[in-house]
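The values are calculated or read from the model by the stated rules, or taken from the named source; none is laboratory data. On a predicted model such as this, the values are computed, not experimentally measured, just so you know. Reconstructed Cβ throughout: ideal geometry from the backbone, glycine too, with neighbour counts over all protein chains shown. Surface accessibility is based on the protein's heavy atoms, side chains included, excluding ligands, DNA and RNA. Shrake-Rupley method; radii C 1.70, N 1.55, O 1.52, S 1.80 Å.
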Amino acid sequence: MIDRKIEADIELLFYGYRAFTAQADALLAERQWNRVHHRVLYFIARNPGIAVNQLLSKLGVSKQALHGPMKALQTAGLIETRSDQNDKRIKSLYLTVLGGELENELTSPQRELLKEIESKLGSDTIDAWRAMM
């Protein structure tokens, strides 16, 4: 038997995620990119020097899935790789100044949307949402 409340919740998640990603998706589409590009920028911004294997783990994607977006971001001058100081076999990832600017442009609307929602709903509701997520 289908639980109509759960089905409605699933639908709300779809709509909420669409609203959450709309602005970033539009900016990415201008470059013929997608959400993977944004996620790469996002995680490198918050983990400067992250190793490629660590990024793969955080994103939950294969090397093949990450190769194209990484190449595009490097070609655009948004990310750079450096050899790890302790282990030259490890590639560490960093955003360039342009990469940081684009990541901020993509993520700021999402950050502001969440801040606005939190101020309207209050911390108890947000704590409950975080526990659910």
Task: Gain on full stretching of the segment that runs from L27 to D124 - 0.36 nm per residue minus C-alpha separation - done: 31.6 nm
Open item on the list: Using only the alpha-carbon atoms, how far is helix 97-121 inclined from the longest principal axis of the chain? Give it as 0 to 90 degrees, nearest 10.
Closed with: 20 degrees
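Could you report the chain's accessible area per residue, 1.4 Å probe, as an integer in Å²? Provide the component values of the computation, followed by the final result.
Working: 9450 Å² over 133 residues.
I get 71 Å² per residue for this part.
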TODO: Starting from the Cα of M1, step 7 Å along the direction of its Cβ; do the same at Q85; then give the gap between the two resulting points in nm.
DONE: 6.3 nm
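About its Cα centre, how strong a charge dipole does the chain have in debye, to the nearest 20, once Lys and Arg get +1 and Asp and Glu get -1 at the Cβ? Mind showing how you got there, number by number?
On the way: 18 positive and 17 negative charges, 126 e Å.
Its charge dipole is roughly 600 debye.
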Task: Order by protection proxy (mean Cβ within 10 Å, highest first), peptides 3-15, 89-101 - done: 89-101, 3-15
Open item on the list: What do you get for the angle between helix 35-46 and the principal long axis of the chain? Use alpha-carbon atoms, 0 to 90 degrees, nearest ten.
Closed with: 70 degrees
Task: Nearest-ten-degree value, helix 63-75 long axis tilted from longest Cα axis of the chain - done: 70 degrees
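With a 1.4 Å probe and all protein chains left in place, how much of the accessible area of the chain comes from carbon and sulfur atoms, in whole percent? Walk me through the intermediate numbers first.
On the way: 5100 of 9450 Å².
Carbon plus sulfur share of accessible area: 54 percent.
In the structure displayed, which of K58/K88; K58/K115; K5/K115; K5/K120; K71/K120 lie more than 30 Å apart, Cα to Cα? Don't skip to the answer; put the middle values down first.
Details: K58/K88 22 Å; K58/K115 24 Å; K5/K115 27 Å; K5/K120 24 Å; K71/K120 41 Å.
Beyond 30 Å: K71/K120.
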TODO: Would you calculate, for the chain, the mean residue ellipticity at 222 nm contributed by helices, counting each DSSP H stretch of 4 or more residues as -39,500 (n - 2.57) and dividing by all residues, to the nearest 500?
DONE: -23500 deg cm²/dmol
